[in-house]
Amino acid sequence: MRSTTFSILKALAIILVVLAHAAAPTYLSRFAYMVGVPAFFVLSGFFFRWDNLERPSEFIVRRIKRLYIPFIKWGIILLLLHNWFFQIGFLSEIHGNAEGGVTHPYGLIESIQHLWSMVFNMSGYDPFLAGAFWFFRSLLLANIAFLLLLKASRKFSFLKSPILQITSVVALAFLLALWQAGMGLHITGVAQGGYRELMGIVLIGIGFLLHRADEAPVTAIWRNPLIMLVASSVVLAILTFVYPVSMAAKPGSVLSVPILTIAGTAAFIWLRSLSYYIIQLPEKYTQWLQLTGENSLYIFVFHLLAFKLASMIKVSVYQLDWEMVGGHPVVQHELGDGFWLLYIFVGVVLPILPVW
């Protein structure tokens, strides 16, 4: 049942990731940005094993296989198709994102530079159709940094227990994120200056501490899904309306660091509690969610490309210029209509349809 719970959790989280990109109503989008991706970082820490510290090279190799290899494989495929996407209208030099930004076909040298950037620092990917690929880089770097910092913390004699060691790593990353946000500092060579990676370390550490709470008798309330669902719902509802955050950096906003820490923790608790009740349903009602959770990687990679089917339908319905299909991530026309529901449907279903 435990593995099923987390498959459902991942399914709910990835659906929220897709929802965040689907031009849904404002408060739904805010909620989705605040819950979807942060929950994956906490989940990564929840399943971090203490014996990884004894075999760090094996852990790093597993993370590379899980995150770097898919990034490179699918990033290169989309790079090879980049110019062709302009020919069929999936990308446009006229119609871009809501801020007016557009992308352009690549020449040979530019394409090679993008290839080098992807291979050597996990950047350079297509900013539109691979716009979610930052997640792979951030999660990989945060995992490796968390491992190394945790290993270093064990050398300090006053940090005697695992809880103190984990807490020290979380506190260090938290303070660095505060320092960075307050002074606009950047870790050179890392997109957004490393804010996502620093906050990733914080959330991974929190995930590990939450797993430890499963085994502590004094935290019995943490294992009560109803109390946790209600409490986390209240926290997330308040933040959605008062101070919405996401994994994106807010320059000069020191408050976003503690708020994202709270939101990420509440997001994981909310999804886990909700998953507990969903798995009580008959399997015929949950098997698609299980499949979705087990194949969330494909949705991360392909949901923005899958959006193009909904864009084609919308362009046909409104009789718009075909080039508007190239709008990112959705057709920038009549955003208040109900097409966001279709975007969510195709963004979730199409990428895993071959697996199904």
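A few notes on this one:
- The heavy atoms of Val355 offer some 70 square angstrom of accessible surface to a 1.4 angstrom probe.
- In terms of overall dimensions, the C-alpha atoms belonging to region 133-186 reach 36, 26, 14 Å along their principal axes, ordered largest to smallest.
- For region 68-141, the direction-averaged projected area of the alpha-carbon convex hull comes to 5.0 nm².
- Region 111-169: relative contact order as a whole-number percent, Cα under 8 Å and 6+ apart: 19
- If you wrap the tightest convex hull around every Cα atom of region 185-238 and split its volume per residue, you get 110 Å³.
- Charged-residue dipole, Cβ positions (Lys, Arg, Asp, Glu), the chain about Cα centre, Debye nearest 20: 1280
- D_trans [Stokes-Einstein, Kirkwood Rh over alpha-carbon pairs] for region 101-170, 37 °C, 0.692 mPa s, µm² s⁻¹: 220
- Our summary gives the chain a relative contact order of 32 percent, counting only alpha carbon pairs under 8 angstrom and 6 or more residues apart.
- The mean of 1/r over all distinct Cα pairs in region 1-88, once inverted, gives the Kirkwood hydrodynamic radius of 15.9 Å.
- Gyration tensor over the Cα atoms of region 220-335: the corresponding equivalent ellipsoid has semi-axes (square roots of 5 times the eigenvalues, largest first) of 33, 24, 13 Å.
- The relative contact order of region 1-59 comes to 28 percent, based on Cα pairs under 8 Å that sit 6 or more residues apart.
- Net charge, His104 excluded, C-beta distance under 13 Å - Lys, Arg +1, Asp, Glu -1: -3
- Dimensions of region 187-277 along the principal axes, based on C-alpha atoms and rounded to the nearest Å, stand at 43, 29, 21, largest first.
- In region 1-116, a dipole from Cβ-located charges (positive for Lys and Arg, negative for Asp and Glu) runs towards its positive end, and of Leu79, His95, Leu67 it is Leu67 whose Cα lies farthest in that direction.
- Cα radius of gyration and Dmax for region 109-246 (Å): 18.5, 60
- Protection proxy ranking for 206-213, 292-299, using the average of other Cβ atoms within 10 Å per residue and placing the highest first: 292-299, 206-213.
- Dipole magnitude of region 48-172 about its Cα centre (Cβ charges: Lys, Arg +1; Asp, Glu -1), debye to nearest 20: 900
- Which of Leu281, Phe48, Gln332, positive extreme of dipole for the chain (C-beta unit charges): Phe48
- Between the residues Val35, Phe135, Val202, the greatest Cα displacement towards the positive end of the dipole of the chain, with unit charges on the Cβ of Lys, Arg, Asp and Glu, is found for Val202.
- Shape parameters for region 302-356, alpha-carbon atoms, Rg then Dmax in Å: 11.1, 34
- Judged by the mean number of other Cβ atoms found within 10 Å, the most tightly packed of the peptides 24-36, 179-191 leads the ranking 24-36, 179-191.
- 3J(HN,Hα) from dihedral phi, region 249-264, Karplus parametrisation 6.51/-1.76/1.60, rounded to Hz, x for glycine, proline: 5, 10, x, x, 9, 5, 5, 5, 5, x, 5, 5, 4, 5, 5, x
- Solvent exposure, largest accessible area first (probe 1.4 Å, DNA, RNA and ligands not counted), of Ser316, Ser275, Ser168: Ser316, Ser168, Ser275
- With a cut-off of 11 Å between beta carbons, the residues surrounding Tyr318 carry a summed charge of -2, where Lys and Arg count +1 and Asp and Glu -1.
- Each peptide in 71-80, 122-131 was scored by the mean count of other Cβ atoms within 10 Å over its residues; highest first, the order is 122-131, 71-80.
The values are calculated or read from the model by the stated rules, or taken from the named source; none is laboratory data. Since the model is a prediction, treat every value here as computed from it, not as a measurement. With ideal geometry, Cβ positions are generated from the backbone for all residues, glycine too; neighbour counts draw on all protein chains shown. Calculation scope for accessible area: heavy atoms of the full protein, side chains included, ligands and nucleic acids excluded. Shrake-Rupley method; radii C 1.70, N 1.55, O 1.52, S 1.80 Å.
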